[in-house]
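The values are calculated or read from the model by the stated rules, or taken from the named source; none is laboratory data. Keep in mind it's a predicted model, so treat the numbers as computed, not measured. A quick note on method: Cβ atoms are made from the backbone with ideal geometry, for glycine too, and the neighbour counts reach across all protein chains shown. For accessibility, only protein heavy atoms count, side chains too; no ligands or nucleic acids. Shrake-Rupley method; radii C 1.70, N 1.55, O 1.52, S 1.80 Å.
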Amino acid sequence: MRVTIGQLKEMKQKGEKIPMLTAYDYSTARFLDDTGIPIILVGDSLGMVVLGYESTIPVTMEDMLHHVKAVVRGTKRALIVGDMPLMTYHTSVSDALRNAARFIQEGGCQAIKLEGGEHMAETVRRIVECGIPVQGHIGLTPQSVHQLGGFKVVGRTPEAAVRLLNDARALEQAGAFSIVLETVPAPLARLITQKVSVPIIGIGAGPYCDGQVQVVHDLLGLYADFVPKHAKQYARLGEAIKAAVSDYIGEVKSGAFPTEKHSSTMDESILADLTRQG
Ligand code: KIV
């Protein structure tokens with residue numbers, strides 16, 4: 001039985017912190033699910049950390065569905081959230097409904113996430129009315145990186161802080177089951193977390209949110225391009241990969257790998273016959 005959006009709301013009510021991570025493939029998703037993590041996001045960050053783009057902007061529906069299906073296959077317990085790519089929910093409410101439904105019907109995930117606050121509230125409401133749980137995403141919204149002028153802290157001016165609180169309230173009113181709050185000053189994130197009844201999941205938004213989300217490649221040291229300020233590396237798997245591959249290269253060159261243990265045998269008489277036949 002997978003974690004439900006009701007259980008996530010209960011966690012907020014009980015003051016139990018909610019850890020969330022991204023995953024993009026079957027094997028990593030299996031490891032994550034084994035830890036009991038309650039919620040996994042197949043983020044459009046896959047555009048950067050898996051596909052090597054400079055931003056999340058080029059990611060398509062087909063990219064997302066391909067990876068959502070793999071993560072769903074690798075998990076039994078976590079609630080899986082699929083991230084809607086740029087322009088798959090902006091052109092009209094009916095496009096948003098159709099694409100949200102593809103995540104659930106074809107991808108097999110249990111919820112979707114989309115970026116935007118007040119201006120997306122009507123779209124969120126309509127998707128929720130169709131029975132599809134929606135996670136909002138406000139603050140630094142990477143799909144709008146060019147409009148925002150870069151990956152910057154959002155909400156430092158009085159106007160921006162009010163706008164952010166209104167965005168969170170609008171999403172709550174529209175029926176979002178949770179909201180991701182990205183790159184927002186910690187005191188403002190605390191206020192929003194207190195004022196809104198649905199779980200606020202922070203990333204670069206300080207310690208007072210109901211939960212935290214991180215990109216799994218940042219956490220595990222698997223993304224070589226840069227380490228964001230908000231990320232903590234709990235492992236350096238990139239270094240471990242390089243060390244293991246160097247050992248492999250060395251052993252192939254020296255003949256130390258493979259050994260008999262990694263090889264299979266056959267009936268010697270068959271080989272002898274073959275050798276005799278020339
Ligand atoms: O795409 C993503 O991974 C995200 C998280 C950073 C919240 O949106």
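Relative contact order for the chain: what is it in percent, counting Cα pairs under 8 Å that are at least 6 residues apart?
15 percent
Have a look at Gly255, Gly202, Gly116 and tell me which one the Gaussian network model of the chain (Cα, springs below 10 Å) gives the largest fluctuation.
Among Gly255, Gly202, Gly116, the largest GNM mean-square fluctuation belongs to Gly255.
Which percent of the accessible heavy-atom area of the stretch 118-267 goes to carbon and sulfur, probe 1.4 angstrom?
Answer for the stretch 118-267: carbon and sulfur cover 55 percent of the accessible area.
Under 5 Å between amide H atoms, partner at least 5 residues away or on a different chain: which partners does Val227 have, H built in plane at 1.01 Å?
Correct list: empty.
How big is the dipole moment of the stretch 163-230 about its Cα centre under a simple scheme where the beta carbon of each Lys and Arg is +1, that of each Asp and Glu is -1, and everything else is neutral? Debye, nearest 20, please. Could the numbers behind the result be given before it?
Values: 5 positive and 6 negative charges, 55 e Å.
Once rounded to the nearest 20, the dipole reads 260 debye.
What shape does the stretch 1-151 take by its C-alpha gyration tensor, where a ≥ b ≥ c are the square roots of the eigenvalues and a/c under 1.5 counts as rounded, a/b above b/c as prolate, and the rest as oblate?
Because its axes are fairly even, with a/c under 1.5, the stretch 1-151 counts as rounded.
Assuming 0.36 nm per residue, please report the length gained on full extension of the stretch Glu122 to Lys76 beyond their Cα-Cα distance.
On the way: separation 46, 0.36 × 46 = 16.56 nm, distance 3.19 nm.
Between Glu122 and Lys76, full extension yields 13.4 nm more.
Please identify, among Ala176, Ala96, Ala240, the residue showing maximal mean-square fluctuation in a Gaussian network model of the chain using a 10 angstrom Cα cutoff.
Per the Cα network of the chain with a 10 Å cutoff, Ala240 tops the list.
What percentages, rounded to whole numbers, describe P(r) for the chain computed over all alpha carbon pairs with 10 Å bin width beginning at zero?
7, 27, 32, 16, 6, 6, 3, 2, 0
Pull up the cross-link candidates among the lysines for Lys152, meaning alpha carbon to alpha carbon under 27 Å and not fewer than 8 places away within one chain.
Within the straight-line limit of under 27 Å, Lys152 reaches these lysines: Lys17, Lys113, Lys195, Lys229, Lys232.
Going Cα to Cα from Lys76, which aspartates and glutamates come in below 12 Å? Please leave out same-chain ones fewer than 8 positions away.
Asp33, Asp34
How big is the Cα convex hull of the stretch 160-278 in projection, averaged over all directions, in nm²?
Across all orientations, the stretch 160-278 yields a mean hull projection of 14.5 nm².
For the chain, what is the percent of antiparallel DSSP beta bridges, rounded to the nearest 5? Don't skip to the answer; put the middle values down first.
Numbers: 1 of 28 bridges.
Bridges in the chain that DSSP calls antiparallel: roughly 5 percent.
How much accessible area per residue does the chain have, counting only protein heavy atoms and a probe of 1.4 Å, in square angstrom?
Roughly 52 Å² per residue, with all protein chains present.
Restricting to Cα atoms and excluding each atom paired with itself, what does the Kirkwood estimate give for the stretch 208-260 in Å?
Numbers: mean 1/r = 0.0749 Å⁻¹.
By the Kirkwood definition, the hydrodynamic radius is 13.4 Å.
Using alpha carbon centroids, what distance separates the stretch 202-259 and the stretch 92-161, in Å?
29 Å
Pick out, from Ala240, Asn99, Thr265, the residue whose Cα sits farthest towards the positive end of the charge dipole of the chain, with +1 on the Cβ of Lys and Arg and -1 on the Cβ of Asp and Glu.
Farthest towards the positive end: Asn99.
Rounded to the nearest Å, what's the spacing between the alpha carbon centres of the stretch 72-87 and the stretch 9-54? Just the number, please.
8 Å
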